[in-house]
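The values are calculated or read from the model by the stated rules, or taken from the named source; none is laboratory data. The structure presented is a predicted model; accordingly, all values stated were derived computationally and were not measured. Positions of Cβ are generated from backbone atoms using ideal geometry, with glycine treated the same way; all protein chains shown enter the neighbour counts. All accessible areas refer to the heavy atoms of the entire protein, side chains included, with ligands and DNA or RNA removed. Shrake-Rupley method; radii C 1.70, N 1.55, O 1.52, S 1.80 Å.
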Amino acid sequence: MKLVTCGLPYANGKAHIGHLRTYVPADVYVRYLRMLGEDVVFVCGSDCHGTPIVVNAEQQGLTPKQLVDIYHEHFKKIFAELDIEFDYYGRTDAEYHHHRTKEIVKRLIEKGYVYPKDIDLAYCPKCERFLPDRYVEGICPYCGATARGDECDQGCGRHLEPGEIKEPKCKICGSKAEFRSQKHYFFKLTEFKDFLEDYLSKLRGTENALNYAKNWVKNLRDWCITRNLEWGVSFPGEENLVVYVWVDAPIGYISFTEKACENKGCDWKEIWIHGSCEIIHFIGLDIVYHHCIFWPAMLKGADYALPSAVVASGMVKVEGKTFSKSRGYVVWVEDDYLKAGLSPDYLRYYIVNYTSHQKDLNFSWEVFRDKVNNEIIATLGNFLYRVLLFAWKNFGEVKMDDVDGEILQKISEAKEKIENAIEEWEFKVTSDAFMELATFGNVYFQNAKPWELIKTDKEVAGRVVASCLQLAKALIIFAYPVMPRSMAKMAEAVGLDIKACKLEDAVKVDEVVSLKKPQVPFEKIEDEKLDELQEIMEKRFRGEEVGEVGDTKEEITIEDFQRLDIRIGKIVSAEKVKGSKKLIKLIIDIGDEHRQIVSGIAEDYKPEELEGKLVVVLANLKPAKFMGVESRGMILAAEKDGKAILLTLEKDVEPGTRVC
RNA sequence: GCCGAGGUAGCCUAGCUGGUUGGGGCGCCUGACUCAUAAUCAGGAGGUCGGGGGUUCGAAUCCCCCCCUCGGCACCA
């Protein structure tokens, strides 16, 4: 038996193509395994806890539960429509999940892997509560940028442990927070260093994940696993604390397995306690750390079975650009894809067939159109349809007693190729294998010319048709895991019970095949449709569509604005900061003084071309140091495609002139 | 700068434990065919395998140096 899981989608936003990059190949993998006769449990569920959900719910006037309900149902629906069929799709706010999480945390406590420690945490006196993670905003202790409680999201990107943030402010009421000492609990991750090093040397999976993890393990810190929240799994023995979301989320793999096993009538302990099954995690590259470091350490600490493989999918690009919701480089599964009336099979094939699972996948509507029209339709669809229609029209019932040995040989080869590729998580190779077989079919049909033979020698034509039918049957079986919906339809036309089929059935020859009138298997994507799809994208790139990610900032008063000392400065000198790639040290005449400002524009501007330029300067920004060089203020720039474009003046003015 | 992943014809890509003329696919050109969703089939043009050096009888493949792209971090105030 094998357990296959997918990283849990966070129930705080809609499904996009980045999600599918993990879920579709996992589903394809499971379907192939089952066709190879493997007994597979396949689980996933919504990740429902954590502060982003609580904060987001509060902002929308909902309870966390209400918000989670919306997105949980959304993901369930998306998976159903894309034929991603989990044995169980759960949610982490469910009772059974809380139960399993508490049990594991208790066990870690009992075994001495958890210790309490007093830490100073941001506390809002007005709201009378501690401010976990995203409830607090302040200054990053490492780089000085504005940061959230758990992550320096606008600056250096570091993960911040509770209590690290400087100058905290309450995100809810905006008042200044203070630090108060409170007892929290830490997991002794550092004790697992040797174990993890050994474990990672044996762990299977895609190289992209393993290489990262091996690098991380060198530098471990104990891990704060409690938070001041009401929403979440309450921490055993501490009513006011919940466990950190990254503790309970992966435990979902276990609790959902329990539910799946209940339904299937198997024993979850076989998988998670006795370790007699393979456990395979499909994840995105962004959560390698959690799956290769935290998770195995927790499992080991609590005496659970360990995952045998971590399969990480590569990143997704949209029209060649790095995936970004705020910049518009995103494809929403429901709004952009399903509502356009496109078959889920097209997208499944695209994701699987574009490139190797661990490489970057570029999504482009034009490539999508080409792959659908040229590969799915012209090669595979055309072969199936021309054979089935020809056979139905001319025979209706085909005796299969003389199938060409060469055909059977080709089918066996394709089958072997698929089996090997599945073993290595190379899903592109599997889909290439059946496409090549379809091409071979077209050549065979073309060379044998049954449409001529039928006029002269119906018996010989019958043999050609039998061989092609066998090939069609094999194709339907081989392509089914990737394109289940269309292949199920085709299977019906040849009287194949596809759900019960195994890969090896592709080489079994029936005595007779009786045919129904075949349907055209796929619908072509016309130019007008492509234009429509591209237009939506382009509008979004140009920023004409209002982002739904809430990227407009809150309203401020004129007084707020007047607190800013913005003025015109003239760049007196500019030089690159030694040893840096992006930083330029500028001396700027701002009227009453010459200011030193460090700016990260070295990749877009050369120092020579800056000297003498008039720029807009924010003069009363708190000083900060970069690479040891002090910067007092910042120069204003627009950002386009990640490049900085400096704001300059329409007419020359004196340095020091105010901006108002 | 460090770490990771890459750089193969206009575009995407296989090969990368060294060995006959570097495979595919898209697009392009020519022809054939008409059973099939103007689908299919045959043929063709198109390559300094990022650059340089080295090891070897032999290198896209191994070693060294350099360049470029992407992602992460150091530093984008």
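Okay, helix-only estimate at 222 nm for chain A: each DSSP H run of n ≥ 4 adds -39500 (n - 2.57), divide by all residues, round to 500 deg cm²/dmol; what do you get?
-12000 deg cm²/dmol
Evaluate E = 1/(1 + (r/R0)^6) for A:Ile587 and A:Thr648, where r is the Cβ-Cβ distance and R0 equals 22 Å; express this FRET efficiency to the nearest 0.05.
Efficiency computed from Cβ-Cβ geometry: 0.80.
List every residue whose amide H lies under 5 Å from the amide H of A:His184, counting only residues 5 or more places away in sequence or on a different chain, with H placed 1.01 Å from N in the peptide plane.
Long-range HN contacts for A:His184: A:Lys117, A:Asp118, A:Ile119.
Quick one: if the Förster radius is 45 Å, what FRET efficiency do A:Lys77 and A:Leu306 give, using the C-beta to C-beta distance and rounding to 0.05?
0.85
What does the charge count near A:Val217 come to, summing +1 for each Lys or Arg and -1 for each Asp or Glu among other residues with Cβ under 11 Å from its Cβ?
Spelling it out: positives minus negatives among the neighbours equals 0.
At a probe size of 1.4 Å, how large is the accessible area of A:Lys417, to the nearest 10 Å²?
Probe radius 1.4 Å; accessible area of A:Lys417 about 80 Å².
List the aspartates and glutamates whose Cα lies under 17 Å from the Cα of A:Lys576, skipping any in the same chain that are fewer than 8 positions away.
Filter leaves A:Glu603, A:Asp604, A:Glu608, A:Glu609, A:Glu611, A:Glu630.
Quick check: with the 1.4 Å probe, what order do A:Tyr385, A:Tyr605 take by accessible area, largest first?
Ranked from most to least accessible, the order is A:Tyr385, A:Tyr605.
How would you rank A:282-290, A:533-541, highest first, on the average number of other Cβ atoms within 10 Å across their residues?
So the order, starting with the most tightly packed, is A:282-290, A:533-541.
So what J values fall out for the range A:389-404 if you push phi through Karplus, 6.51 cos²θ - 1.76 cosθ + 1.60 with θ = phi - 60°, rounded to Hz, Gly and Pro as x?
After applying 6.51 cos²θ - 1.76 cosθ + 1.60, I find 5, 4, 5, 5, 5, 9, 10, x, 9, 10, 7, 9, 6, 9, 6, 4 Hz.
Quick one: which residues, 5 or more positions from A:Arg595 or on another chain, have an amide H under 5 Å from its amide H? H modelled 1.01 Å from N in the peptide plane, none for Pro or chain starts.
When sequence neighbours closer than 5 places are left aside, the close amide H contacts are A:Ile588, A:Asp589, A:Ile590.
To the nearest whole percent, what portion of all C-alpha pairs in chain A is separated by more than 31 angstrom?
62 percent
For the range A:24-32, just list the computed ³J(HN,Hα) in residue order, Karplus coefficients 6.51, -1.76 and 1.60, θ = phi - 60°, integers in Hz, with x standing in for Gly and Pro.
5, x, 5, 5, 4, 4, 4, 5, 5
Each residue of the range A:114-131 in turn: what ³J(HN,Hα) in whole Hz from Karplus with 6.51, -1.76, 1.60 and θ = phi - 60°, glycine and Pro shown as x?
10, 9, x, 7, 7, 10, 7, 10, 5, 9, 9, x, 6, 7, 6, 7, 6, 10
Which entries in A:Lys166/A:Lys539; A:Lys2/A:Lys76; A:Lys166/A:Lys300; A:Lys2/A:Lys77 show an alpha-carbon gap greater than 30 Å?
As for pairs spanning more than 30 Å Cα to Cα, those are A:Lys166/A:Lys539; A:Lys166/A:Lys300.
The range A:214-288: which trypsin sites (Lys or Arg not before Pro) are DSSP loop and have at most 16 other beta-carbon atoms within 10 angstrom?
Sparse-neighbourhood loop trypsin sites (Lys or Arg not before Pro): A:Lys218, A:Arg221.
Rolling a 1.4 Å sphere over the protein heavy atoms, what is the accessible area per residue of the range A:558-646, to the nearest Å²?
Accessible surface, normalised per residue, equals 57 Å².
Given an 8 Å cut-off on Cα distances and at least 6 residues of separation, report the relative contact order of chain A as a percent.
For chain A, the relative contact order is 12 percent.
Quick check on the range A:379-475: take the gyration tensor over C-alpha atoms, sort the square-rooted eigenvalues as a ≥ b ≥ c, and tell me if it's rounded (a/c under 1.5), prolate or oblate.
Judged from the Cα gyration tensor, the range A:379-475 comes out prolate (a/c at least 1.5, a/b above b/c).
What does the charge count near A:Val572 come to, summing +1 for each Lys or Arg and -1 for each Asp or Glu among other residues with Cβ under 12 Å from its Cβ?
Every neighbour counted, the sum reads 0.
In nanometres, what is the gap between the two model label sites at A:Glu504 and A:Thr456, each 7 Å from Cα along Cα-to-Cβ?
Placing both labels 7 Å along Cα→Cβ, they lie 4.2 nm apart.
Tell me the net charge near A:Gln596. Cut-off is 9 Å between Cβ atoms, A:Gln596 excluded, with +1 for each Lys or Arg and -1 for each Asp or Glu.
That sum, taken over residues with Cβ under 9 Å, equals +2.
Give the relative contact order (percent, whole number) for the range A:382-550; include only Cα pairs under 8 Å separated by 6+ residues.
33 percent
Can you list residues from other chains, or at least 5 along the same chain, whose modelled amide H is less than 5 Å from the amide H of A:Ser573?
A:Ile587
FRET efficiency for A:Glu532 and A:Asn374, Cβ-Cβ distance as r, R0 = 22 Å, nearest 0.05?
Working from the Cβ atoms, E equals 0.65.
Sorted by accessible area with a 1.4 angstrom probe, largest first, how do A:Arg542, A:Arg34 fall?
So, going from the largest accessible area down, we get A:Arg542, A:Arg34.
With +1 on each Lys and Arg Cβ and -1 on each Asp and Glu Cβ, how big is the dipole of the range A:558-646 about its Cα centre, in debye rounded to the nearest 20?
That gives the range A:558-646 a dipole magnitude of about 320 debye.
Going by alpha carbons, how many degrees (0 to 90, nearest 10) lie between the helix axis of A:458-479 and the longest principal axis of chain A?
30 degrees
Farthest toward the dipole's positive end in chain A, which of A:Ala94, A:Val28, A:Leu306, given Cβ charges of +1 (Lys, Arg) and -1 (Asp, Glu) about the Cα centre?
Final value for the positive-end residue is A:Leu306.
Could you tell me which of the pairs A:Lys214/A:Lys359; A:Lys489/A:Lys517; A:Lys264/A:Lys417; A:Lys570/A:Lys606 are separated by over 21 angstrom between their Cα atoms in the structure shown?
Too far apart for the 21 Å limit: A:Lys264/A:Lys417.
Suppose all protein chains stay in the model; what accessible area per residue would a 1.4 Å probe give for the range A:44-142, in Å²?
43 Å²
Could you work out how much longer the chain between A:Asn394 and A:Val512 gets when fully extended? Use 0.36 nm per residue separation minus the Cα distance between them, nm to one decimal.
That works out to 41.0 nm of additional length.
If each of A:Asn620 and A:Asp118 carries a label point 7 Å out from its Cα toward its Cβ, how far apart are those two points in nm?
Taking the simple label geometry, A:Asn620 and A:Asp118 are separated by 3.9 nm.
Sort A:Asp303, A:Asp505 by accessible area with a 1.4 Å probe, largest first.
In descending accessible area the options line up as A:Asp303, A:Asp505.
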